[in-house]
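Worksheet: the structure to be examined is printed underneath.
Rule-based calculations on the coordinates, nothing more; no lab input. Since the model is a prediction, treat every value here as computed from it, not as a measurement. Here the Cβ is made from the backbone with ideal geometry for all residues, glycine too, and neighbour counts use every protein chain on show.
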Amino acid sequence: MASVVRQDYCSKEKSSDCHIIEHDMNLMMDLCDRLVVINFGKKLAEGTPAEIQNNPAVIEAYLGKEDEG
């Protein structure tokens, strides 16, 4: 699916931005060079897929906080 979206909508040859609201993180990590993560309507993080995957605020928001104890 990512290849179809990239080819038809987000082609780098077209030199345009592509804005997608999607919750399939595997798709987004494969598709995007840069991501903006929004949580409850506020920007939580922005960066490359690797930066987003390792961002503590993103991990906490989407995976939950580890119990202390």
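Can you tell me the relative contact order of the range 19-69? Whole percent, Cα pairs under 8 Å, sequence separation 6 or more.
22 percent
Per residue of the range 35-40, what does 6.51 cos²θ - 1.76 cosθ + 1.60 with θ = phi - 60° give for ³J(HN,Hα)? Whole Hz please, x for Gly and Pro, Karplus curve as stated.
Karplus-based 3J(HN,Hα) across the range 35-40 equals 10, 10, 9, 10, 10, 6 Hz.
How high is the FRET efficiency between residue 63 and residue 40 when r is their beta carbon distance and R₀ equals 22 Å, given to the nearest 0.05?
About 0.90, to the nearest 0.05.
With charges set only on the Cβ (+1 for Lys and Arg, -1 for Asp and Glu), what does the dipole of the range 30-69 come to about its Cα centre, in debye to the nearest 20? Walk me through the intermediate numbers first.
Values: 4 positive and 8 negative charges, 52 e Å.
With Lys and Arg at +1 and Asp and Glu at -1, about 260 debye.
Amide H of residue 44: which non-local residues (sequence gap of 5 or more, or other chain) have their own amide H closer than 5 Å, using H built in the peptide plane?
Long-range HN contacts for residue 44: 37, 38, 39.
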